[in-house]
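The values are calculated or read from the model by the stated rules, or taken from the named source; none is laboratory data. Just so it is clear, the model here is predicted, and its values are computed rather than measured. No Cβ is skipped: glycine too gets one built from the backbone with ideal geometry, and neighbour counts run over all protein chains shown. Side chains are part of the model used for accessible areas, which takes the heavy atoms of the whole protein and leaves out ligands, DNA and RNA. Shrake-Rupley method; radii C 1.70, N 1.55, O 1.52, S 1.80 Å.
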Amino acid sequence: MSRSTIALVLSSLLLAAGSVVGSASCAGAGESAPAVTAAPAPDHRLDWWREARFGMFLHWGLYAIPAGRWGEDTGHAEWIRTTAHIPRARYEELLAEFDPVRYDPDAWVRMAKDAGMKYIVITSKHHDGFGLFDSAQTDWDVMSTPWGKDLLAPLAEACRRHGLRICWYHSIMDWHHPDYLPRRDWEDWSAEGANFDRFVAYLHAQVTELLTNYGDIGVLWFDGEWESTWNHGYGQPLYDLCRKLQPNVIVNNRVDVGRGGMAGMSDAGYAGDFGTPEQEIPATGIPGVDWETCMTMNDHWGYNAADTHWKSTEELIRMLIDIASKGGNFLLNVGPRADGTFPPEAVERLAGMGEWMDVHGEAIHGTQAGLFESLPWGRSTTRAGADGTTIYLFVFDWPAGDVLAVPGLGTAPERARILAPGDDPRVDSRPIEGGLEVRLDPRRRDLIATVVALEYEGTPVVYRTPRIEAAAELFVRPLTVTLGPETAGVELRFTIDGSAPEISSRLYTGPLTLVDSARLAVRAFHRGRPVSAVVAREFTRATPRPAASDVEGREHGLHLAAWQGTYGALPALGERPPDRTAEVASLDLGPPVEHEVRAYTGFLRVAADDAYVFHLTSDDGARLFVDGELVVDNDGLHGPLTRTGAAPLAAGWHRLRVEWFNKTGGAVLDLQVGPAGAPPAPIAAADLARR
């Protein structure tokens, strides 16, 4: 079909009532599907948390006593029992030394509040299993120490006195409980008689105590879920227990196993209300998803007396700004000392952050992600309400001539003001080509981040780079494509031959339907002039690969071949004979096996001619081949991670090969598939066959 014919068909298939489809989309052939966690809760449980934007993390326990030192090594902290290979009995001796006589929960809460924090998350139990609370389930808690009193209750009471939310961190992993598995590989402690389900009952009982004995809890922040013994079958019931005990409690995604490494986000289908990036900030944010970056002030979570690598107050404030500008929360850690006091370096930084927040806090609390894709001199946040919209500009790099150019801002504000001490907060602004110009007073400059508020009675026009969204770039049947974002006053114009759209090009009014290959190009226009770069995407109408003809009558299931070995990526298997073989019904891994490579081979049946999008999830790495061609490459060492790819397939049977390896830790392998534009689904046993 010619390009001109495509244009005629495309024009005829435009829908009359066109509104831009939402921002979620499936990945195209060979692309990685974006990791997502649960959508924002419709019951508004997270409203206070989204309003807060800033909280304090506290890692405190027996590990504060050695303060990072064991023998001559000073590099330990909260993981010291494992990193220093301390026997269980020797670690228990620390009980007799734990006596935080200078513990003042009101002082802790005041420091958090004065810093601009709105909630506190404290380790009720870390991986060593030691509890800071009075648990009826064990003697391995603070009641067995010289202190002998519950540490969490007075902190919860202090939080409520000062208007902060109290939240618990609780570790799933437990190095002390006799039924927790697996054992540490260095530890001479037999697992004989251990019953993991009995440990899970213990875990549920402690969580019940934490959500029953201390009043309303803001967040239950789980951790330590990555070992092979924990799975979705345990994670979902634990989440459900929390919500049953306190319907309004917020539960992080580490309650379940879907988290993809330190990036902290989970695939859909796993329990959890928000993602948990650790020690990193997502480069572009995660639109439409709740997330919280947790970060240390130095290099350790628990107290380490030798760690002098402290982030500066300026660095911490700019991290807070960066996170808020991307729609996230910042959970900043303090590791208290064994006597119950904060390290002076932490106290100093909290005070410095508080001084800045006293003046500029309105630009953080209660705001949403900035409307700009990027700003050359800083960041922005947004506050939108029934009475209008405020854009907050954070100026890191002071502009030459004291004149700040705000690119991509298409309308001038009704009012502009600077957040700084002084009698007159007003600043002057005026429209310029492609944006707005704001004149700043150098006498009111803040050396960390000067903040300017632009106030609109309605919704400002901000130029965004257009998006082209479709289920896949490869298609067999007609393919629906949407363009975005939808911005009041801004038009999207497009072409299908790859040429740069002009004001005379076709106006986008709703979803498009492609019936043949095309190079779709789109550009934004405002008041008759282009205000964005041209964005293009290639779509290919493909001929389905023919189905195999000699599969009918074969057995259901797959062949499994397995090789032992320790790898960081999938090895070339070649003609190397496997260490074992089996006939299996599906890709179900069965009992997790570490240090193993597997290859599943057979045939997959699809119902109709179409482009099929495959979703391959693995921990560690995996690859998918269909009809001998690589469709999804999810190789490498990582936590549970989903990648996608598409293949055009004719109705019938197609050769299937899935390669997977596991080094250590969690073991996950899952393959789902669906026609382009439809949700993926697990593969039915009847649709797998082997010769």
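Averaging sequence separations of C-alpha pairs under 8 Å and six or more residues apart, then dividing by the length of the range 545-656, give the relative contact order as a whole percent.
Computed value for the range 545-656: 32 percent relative contact order.
Distance between the C-alpha centres of the range 403-479 and the range 487-541: 24 Å, rounded to the whole angstrom.
Using a simple charge model, +1 on the beta-carbon of Lys and Arg, -1 on the beta-carbon of Asp and Glu, nothing else, what dipole does the chain show about its Cα centre, in debye to the nearest 20?
On the way: 63 positive and 93 negative charges, 426 e Å.
Around 2040 debye, computed over the chain.
With 0.36 nm allotted per residue and the present C-alpha distance subtracted, the L630-D197 stretch has 151.9 nm of extension available. Express in % the proportion of alpha carbon pairs of the range 146-254 at distances exceeding 17 Å. Of all Cα-Cα distances in the range 146-254, 59 percent exceed 17 Å. A Förster radius of 45 Å combined with the Cβ-Cβ distance from D550 to T513 puts the calculated FRET efficiency at roughly 0.75. Counted residue by residue at 0.36 nm each, then reduced by the alpha carbon distance between them, the extension gain from R527 to S312 reaches 72.9 nm. Paramagnetic label reach from A405 (point 7 Å along Cα→Cβ; backbone nitrogen cut-off under 11 Å): within the range 426-460, residues 432-437.
Expressed as a whole percent, the proportion of Cα-Cα pairs in the range 199-307 lying more than 23 Å apart is 35%. Scoring 282-289, 367-374 by mean Cβ neighbours within 10 Å over their residues and listing the highest first yields 367-374, 282-289. Distance from the Cα centroid of the range 301-347 to that of the range 359-392 is 24 Å (rounded to whole angstrom).
Past the 28 Å Cα-Cα mark, which pairs from K125/K244; K113/K311; K113/K149; K118/K149; K244/K311; K125/K311? Walk me through the numbers before you get to the answer.
Working: K125/K244 21 Å; K113/K311 20 Å; K113/K149 25 Å; K118/K149 26 Å; K244/K311 40 Å; K125/K311 26 Å.
Flagged as over cut-off: K244/K311.
Computed over the alpha-carbon atoms, the chain gives an Rg to Rh ratio of 1.00, Rh here being the Kirkwood radius from the mean inverse distance. Distances between placed amide hydrogens fall under 5 Å for W60 paired with T123, all partners being 5 or more residues away or on another chain. Test of understanding: extend the Cα→C-beta vector of R443 to 7 Å, then name every residue of the range 395-419 with backbone N under 18 Å from that spot. Under cut-off, by backbone N: 401-403, 417-419.
In this structure, D99 and D216 have a Cβ-Cβ separation that, at R0 = 30 Å, corresponds to a calculated FRET efficiency of about 0.50.
Students often check this: by mean Cβ neighbours within 10 Å, which of 297-307, 52-62, 148-158, 557-567 ranks highest, and how do the rest follow?
Numbers: 297-307: 20.8, 52-62: 24.1, 148-158: 18.5, 557-567: 16.5.
With the highest mean Cβ count within 10 Å placed first, the list reads 52-62, 297-307, 148-158, 557-567.
Taking amide H atoms as placed 1.01 Å from N in the peptide plane, the amide H of G666 lies under 5 Å from those of S228, each 5 or more residues away in sequence or on another chain.
Looking at the chain only, what percent of DSSP beta bridges run antiparallel? Nearest 5 please. So the antiparallel bridges amount to about 80 percent of the total.
Using packing as a proxy for protection, rank 345-352, 443-450 so that the peptide with the highest average count of other Cβ atoms within 10 Å comes first.
Values: 345-352: 18.0, 443-450: 16.1.
The peptides rank, most packed first, as 345-352, 443-450.
Please compute, over every Cα-Cα pair in the range 108-209, the percentage with a separation greater than 15 angstrom.
Numbers: 3410 of 5151 pairs.
Of all Cα-Cα distances in the range 108-209, 66 percent exceed 15 Å.
For the range 400-442, with all protein chains in place and a probe radius of 1.4 Å, 49% of the accessible heavy-atom surface sits on carbon or sulfur. Across the chain, the mean sequence separation of Cα contacts (distance under 8 Å, 6 or more residues apart), normalised by length, yields a relative contact order of 14 percent.
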